Amino acid sequence: MHRFVQSLRGAAVSSIAIGAPQTHRARQLLVAAMMAMTLPAAAQVAVTDAWVRGTVPGQKVTGAFMQLKSPTDAALVAVTSPVAKLAEIHEMKQDAGVMRMRAVDKVALPAGKSVEFKPGGYHVMLMDVTGPLKEGDTVPLTLTVEDRAGKKQTLEVKARVKALTAADLPAHKH
Ligand SMILES: [Cu+2]
């Protein structure tokens, strides 16, 4: 009986002894793999102050705004969000004295320069919004950024919904 317990204990100890380094090694490999995947992205574009303008029931269109800063020359080429069936990158500017917005294929993110998406300028137009967005809600956005070599990376961003009146988004004219 005593021997049986001894051998059991021995087995348990040896399995821990074998198990621990394996787990540790597996973790190291996992961390290495994760770093290999996320390092280029982490060194990529910083997104700050991401927010979405709130909507009222029935409102299908709103804007998302943020600041983007890339350490290397890059461009924002696409945005998607689960709250909108379609998201476009828009630019708003004066055209013969009238403020107009138009969809653009990409927005250049020059190295080290902060590029602002704001009401009256570049913005992400969320269209066919699936439901009302209330102040304090979080809207996930997936940004696709392309580097100069044409390599694409995606960034997950959580944008906070601000009240409808938070900033004035000029009338939507296309
Ligand atoms: Cu727009």
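Of note:
- Only one entry of A87, A50, A75, A108 meets the criterion of being away from the ligand (no atom under 16 Å from the Cβ), in a strand (DSSP E or B) and more than 18 Å from A149 (Cβ to Cβ), and that entry is A50.
- The requirement of being at pLDDT below 95 and within 16 Å of the ligand (Cβ to nearest atom) is not satisfied by H123.
- Single residue of region 126-149 satisfying the filter (within 19 Å of the chain's Cα centre (by Cα) and under 13 Å from A74 (Cβ atoms)) that is farthest from the ligand (Cβ to nearest atom): D147
- Taking every residue in region 117-138 that is farther than 20 Å from I89 by Cβ and pairing it with any residue that is part of a strand (DSSP E or B), at least 6 positions away or on another chain, the pairs with Cβ-Cβ distances below 6 Å are E135/V161; D137/V161; T138/K158.
- Odd one out for E116 among (1) at pLDDT below 95; (2) assigned to a strand (DSSP E or B); (3) under 20 Å from the mean Cα position of the chain (by Cα): (1)
- Here V98 fulfils each of the conditions (1) more than 16 Å from the ligand (Cβ to nearest atom); (2) at pLDDT below 95 apart from (1).
The values are calculated or read from the model by the stated rules, or taken from the named source; none is laboratory data. Computed from a prediction, not measured in an experiment: that's the story for all the values here. Using ideal geometry, Cβ is built from the backbone for each residue, glycine included, and neighbour counts are taken over all protein chains shown.
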